[in-house]
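**Q** Before I ask anything, here is the structure I am working with.
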Amino acid sequence: ESKEIAGYAVLGVLGHGARSTIYAVRDGDGQIYALKRVIKESAEDQRFLEQAISEHKICSELDHQSLRKSLKLIRQRAIIRTSEVLVLMEMVDGPTMEHYKFKSVAEFCRLCRQAALGLNAMHQAGYVHADIKPSNMLVTGPDQVKIIDFGQSCPIGTVKQRIQGTPDYIAPEQVLRKQIVPQTDVFNLGASMYWMLTGKYV
């Protein structure tokens with residue numbers, strides 16, 4: 001792997017997604033960030049570039065302690081067309097709620113409340129996350145949650161061309177390709193809470 005991307009020193013790989021890799025990087029001032037890199041290798045990959053651009057646009061309009069911040073969008077061009085997109089994000093560290101061991105029911109409720117407050121802030125700004133699940137909520141400190149992965153986020157009222165969502169937590173309107181609304185996130189969060197409490201999918 002490259003030791004430097006767009007002037008940021010690469011410290012390691014944090015994870016992989018569809019056509020993307022997320023790196024831990026450091027800037028010249030020593031600040032640590034997460035850097036999402038999406039590379040276009042074929043015409044079909046264009047939607048992944050557009051998804052990363054949309055993700056940054058939405059996140060840059062949000063400001064809440066429970067929502068991961070997106071700080072900068074960098075486009076790398078091959079001749080005319082964009083061939084690569086980089087999204088510089090707030091570094092978030094902690095276990096996902098998929099793997100976190102809750103100390104009590106009270107702690108569980110406090111953490112889920114933080115997630116709900118973050119989602120409410122998204123809804124007030126006019127957006128829906130649309131992919132809330134235990135692996136997209138990180139426990140970053142005592143009663144602190146960060147929601148991540150805004151790749152499926154969209155304006156309230158969006159009707160998607162494809163069925164998008166995670167099967168175990170997906171809301172009926174996502175399956176039926178109806179309007180994506182705040183209630184979509186309520187369903188996804190409720191289905192996540194049900195799984196976290198019971199180990200069963202709703």
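**Q** In debye, nearest 20, what is the charge dipole magnitude of region 22-154 about its Cα centre with +1 on Lys and Arg Cβ and -1 on Asp and Glu Cβ, if you could check? Write down the numbers at each step before the final one.
**A** On the way: 18 positive and 17 negative charges, 8 e Å.
The dipole of region 22-154 has a size of about 40 debye.
**Q** Additional query: Whole-Hz ³J(HN,Hα) for each residue in region 29-45, computed from phi via Karplus 6.51 cos²θ - 1.76 cosθ + 1.60 with θ = phi - 60°, x for glycine and proline: what do you get?
**A** Per residue, the Karplus-derived 3J(HN,Hα) values read 8, x, 6, 9, 9, 9, 10, 8, 10, 10, 10, 8, 10, 8, 4, 5, 7 Hz.
**Q** Under 21 Å between alpha carbons, and skipping anything fewer than 8 positions from residue 200 in its own chain: which lysines qualify?
**A** Once the sequence-local lysines are set aside, what remains near residue 200 is 101, 103, 133.
**Q** Where the centre of each part is set by its Cα atoms, how far does region 91-111 sit from region 16-65, in angstrom?
**A** Cα centroid of region 91-111 versus Cα centroid of region 16-65: 25 Å apart.
**Q** D for region 107-164, whole µm²/s, Stokes-Einstein with Kirkwood Rh over alpha-carbon pairs at 37 °C and 0.692 mPa s: what number?
**A** Numbers: Rh = 12.2 Å.
The diffusion coefficient I find is 270 µm²/s.
**Q** Over region 45-202, what is the percentage of antiparallel beta bridges among all DSSP beta bridges, to the nearest 5? Could the numbers behind the result be given before it?
**A** Details: 16 of 17 bridges.
Among the beta bridges of region 45-202, antiparallel pairing accounts for roughly 95 percent.
**Q** Here is a follow-up. Counting only protein heavy atoms and using a 1.4 Å probe, what share of the accessible area of the chain belongs to carbon plus sulfur, as a whole percent? Before the final figure, lay out the partial values.
**A** On the way: 5450 of 10720 Å².
Roughly 51 percent, rounded to a whole number.
**Q** Next question. Compute the Rg/Rh shape ratio of region 21-129: radius of gyration over Kirkwood radius, all on alpha-carbon atoms. Walk me through the numbers on the way to the answer.
**A** Working: Rg = 16.7 Å, Rh = 16.0 Å.
Computed over Cα atoms, the ratio is 1.04.
**Q** May I ask you to order 60-73, 155-168 by the average number of other C-beta atoms within 10 Å around their residues, highest value first? Each step should come with its number before you reach the end.
**A** Numbers: 60-73: 17.0, 155-168: 13.0.
So the order, starting with the most tightly packed, is 60-73, 155-168.
**Q** Please list, in order along region 151-157, the HN-Hα scalar couplings obtained from phi with the Karplus expression 6.51 cos²θ - 1.76 cosθ + 1.60 (θ = phi - 60°), rounded to whole Hz, x for Gly and Pro.
**A** x, 9, 5, 7, x, 4, x
**Q** For region 147-202, what percent of Cα pairs sit more than 14 Å apart?
**A** Numbers: 828 of 1540 pairs.
More than 14 Å apart: 54 percent of the Cα pairs in region 147-202.
**Q** In addition: State the answer as a single residue: which of 23, 59, 71 lies farthest towards the positive end of the charge dipole of the chain, with beta carbon charges of +1 for Lys and Arg and -1 for Asp and Glu, about the Cα centre.
**A** 59
**Q** Indicate the gyration tensor shape class of region 74-145 (rounded, prolate or oblate), computed on the Cα atoms with a ≥ b ≥ c the square roots of the eigenvalues: a/c under 1.5 is rounded; otherwise a/b larger than b/c is prolate and the rest oblate.
**A** Prolate is the answer for region 74-145, as a/c is 1.5 or above and a/b outweighs b/c.
**Q** Once amide H atoms are placed 1.01 Å from N in the peptide plane, what residues at a sequence separation of 5 or more from residue 72, or on another chain, have their amide H within under 5 Å of its amide H?
**A** So residue 72 has HN proximity to 88.
**Q** Which lysines does residue 72 reach when only Cα atoms under 18 Å apart count, and residues fewer than 8 places away in its own chain are ignored?
**A** Excluding near neighbours in sequence, the set is 36, 57.
**Q** Using 0.36 nm times the number of residues separating residue 71 and residue 6, minus their current alpha carbon distance, what extension gain do you get? Intermediate values should be presented prior to the final figure.
**A** Values: separation 65, 0.36 × 65 = 23.40 nm, distance 1.45 nm.
Computed gain between residue 71 and residue 6 is 22.0 nm.
**Q** Rolling a 1.4 angstrom probe over the protein heavy atoms, how many square angstrom per residue are accessible across the chain?
**A** On the way: 10720 Å² over 202 residues.
Normalised by residue count, the accessible surface of the chain is 53 Å².
**Q** Another question, if that's okay. Got a sec? Charge dipole of the chain, +1 on Cβ for Lys and Arg, -1 for Asp and Glu; which of 165, 139, 198 is way out at the positive end?
**A** Final value for the positive-end residue is 165.
The values are calculated or read from the model by the stated rules, or taken from the named source; none is laboratory data. Here the structure is a predicted model, which is why all the values come from computation and not from measurement. Because the Cβ atoms are built from the backbone with ideal geometry, glycine has one as well, and the counts that use them run over all protein chains shown. To get the accessible areas, we keep the full protein, side chains included, count just its heavy atoms, and leave off ligands, DNA and RNA. Shrake-Rupley method; radii C 1.70, N 1.55, O 1.52, S 1.80 Å.
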